[in-house]
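Taking it in order: structure first as structure tokens, then the write-up.
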Amino acid sequence: MDFIRLDTLKAGGTFLESKNSSQRILAALNKEFLVEHHKTAKQALSRINNVMVYKEDILSLWLNHNNGFQKINEKQVIRDQYTHIKQIVHVPVYIETLLHTTSPRNHAKKLLELKQLQNKLLLASKKLPDTKDKIILQKSIGVISELCDNNISEYSFLLKKYLNEIANEVEDVCAQATSIQIKDSLDRVTRQWISDYKINMEASRVLIVGTHGPKEGRIEMQYYEALYNHYHMKNVENDKLYYVESLAKHIPSIDIQKDLIEEFLAKEELNKIYGVSRYGNCKWMSGDVLSKHAGSSVHGLFAGMKTMKCPLAALKIPRLAALVTPFFKGGK
């Protein structure tokens, strides 16, 4: 049996106590840093004159006063016509969604859902004038009849044919919706505010609040990027123009003043100051400071390892997609 000397145990205990003490001190210092960082971040907002926020189809304007940002105007920027067009475009997506979840087991249920959708589309189309959106509804009614008269194996072909037939109409109404949203709504309101409140775009920030998808190519982001470019400011995303991503269920509870301006925007502005001061790049602090070390660490974990295969691959089981949605096998 090996014996451990008492003085060794004492030394070890002293080391552990010292280590724990250091951790407590560092943890306390880190909390102090975060508090101080938050205070300093609010001061970074002083160089901003106004903030425009697009959230839940409402555009609001906030001006920087001595006691913080105050909302001075807001406008609903989604018009009824724009909403109507989006509802029309969602019809083929609805049909496709029902087909994606159709299988031999729930076929009868899905047929009933398709017929119920068809009845609603019939009622809606009767009240529409002869426009391209009515054509989309009529062709949607027609394809539902074809789907109900055919086997699941025909669904892929019928769906592709239907989507091709309405492609031009969908493209046209999407272009119409984009024009309404940008020209008749965002641009009209934004230009009016720039004129009425003598807004300096250099000292202005724009926050677009939305979900992860649709995110790429979002038209509101494109509009404000073009607006900044018009005032000779380039590469404005994450500098003057921000997309603030959130879960859809959380967006209604976001407080613009506290959460978006005093919390999110303030820290972004302070990080830009640090980035320029230390690295000459206002966007440097938006990246992970450990990123340059990750490549070698991650590569080392998998170097020399054999490619892993799914354990179910060796079993003679039909493809899951074939079980869930047989019509995905391809068109004729």
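Computed from the coordinates by the stated procedures, all read-outs in this text should not be read as laboratory data. Because the structure is a prediction, the values reported are computed rather than measured. Glycine also receives a Cβ, built like all others from the backbone with ideal geometry; neighbour counts cover every protein chain displayed.
Structure summary
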{"quantity": "Proximal charge balance of MET285 [Cβ under 13 Å; K/R count +1, D/E count -1]", "calculated": "0"}
{"quantity": "Under the Karplus curve 6.51 cos²θ - 1.76 cosθ + 1.60, θ = phi - 60°, whole-Hz ³J(HN,Hα) for segment 200-214, x wherever Gly or Pro sits", "calculated": "9, 5, 5, 9, 10, 10, 10, 10, 10, 9, x, 8, 4, x, x"}
{"quantity": "Whole-number D in µm² s⁻¹ for segment 91-155, Kirkwood Cα-pair radius fed into Stokes-Einstein, 20 °C, 1.002 mPa s", "calculated": "175"}
{"quantity": "Rounded to 10°, Cα long-axis angle of helix 219-230 versus longest principal axis of the chain", "calculated": "60"}
{"quantity": "Extreme residue, positive dipole direction of the chain, given options MET233, GLY287, SER253 (C-beta unit charges)", "calculated": "GLY287"}
{"quantity": "Net charge, TYR228 excluded, C-beta distance under 11 Å - Lys, Arg +1, Asp, Glu -1", "calculated": "-1"}
{"quantity": "Cα pair distances in segment 29-130, grouped into 5 Å bins until the bin that holds the longest one, percent each", "calculated": "2, 9, 11, 11, 9, 9, 8, 7, 7, 8, 8, 8, 3, 0"}
{"quantity": "In degrees, nearest ten, helix 107-126 long axis to first principal axis of the chain (Cα)", "calculated": "70"}
{"quantity": "Debye intensity ratio in log₁₀ form over the Cα atoms of segment 147-237, taken at each q of 0.13, 0.14, 0.22 Å⁻¹", "calculated": "-0.63, -0.69, -1.16"}
{"quantity": "Point-charge dipole on Cβ atoms (K/R +1, D/E -1) for segment 81-173, about Cα centre, debye to 20", "calculated": "360"}
{"quantity": "Positive dipole terminus of the chain, leading residue within GLY210, ASN150, ALA28 (C-beta point charges)", "calculated": "ASN150"}
{"quantity": "Rounded to 10°, Cα long-axis angle of helix 291-302 versus longest principal axis of the chain", "calculated": "80"}
{"quantity": "Test item: Cα-centred dipole of the chain, Lys/Arg +1 and Asp/Glu -1 on Cβ, debye", "calculated": "760"}
{"quantity": "Set of aspartates and glutamates with alpha-carbon distance to LYS110 below 19 Å, sequence-local pairs under 8 removed", "calculated": "GLU96, GLU146, ASP149, GLU154"}
{"quantity": "Inter-part distance where segment 181-227 and segment 75-103 are each reduced to a Cα centre, Å", "calculated": "24"}
{"quantity": "Mean separation of Cα contacts under 8 Å (6+ apart) over length of the chain, as relative contact order %", "calculated": "22"}
{"quantity": "GNM flexibility winner over the chain from GLY275, GLY68, GLY300 (Cα, springs under 10 Å)", "calculated": "GLY300"}
{"quantity": "Radius of gyration and Dmax over the Cα atoms of the chain, both given in Å", "calculated": "28.9, 96"}
{"quantity": "Highest-first arrangement of 185-197, 225-237, where packing means the average Cβ count within 10 Å", "calculated": "185-197, 225-237"}
{"quantity": "Segment 170-290: radius of gyration and largest Cα-Cα distance (Dmax), Å", "calculated": "16.0, 50"}
{"quantity": "Residue among ASN271, ASN151, ASN20 with the largest mean-square fluctuation in a Gaussian network model of the chain, springs linking Cα atoms under 10 Å", "calculated": "ASN20"}
{"quantity": "Ranked by how many other beta carbons lie within 10 Å on average, peptides 56-63, 23-30 from highest", "calculated": "56-63, 23-30"}
{"quantity": "Environment charge at LYS272 (Cβ cut-off 12 Å; Lys +1, Arg +1, Asp -1, Glu -1)", "calculated": "+3"}
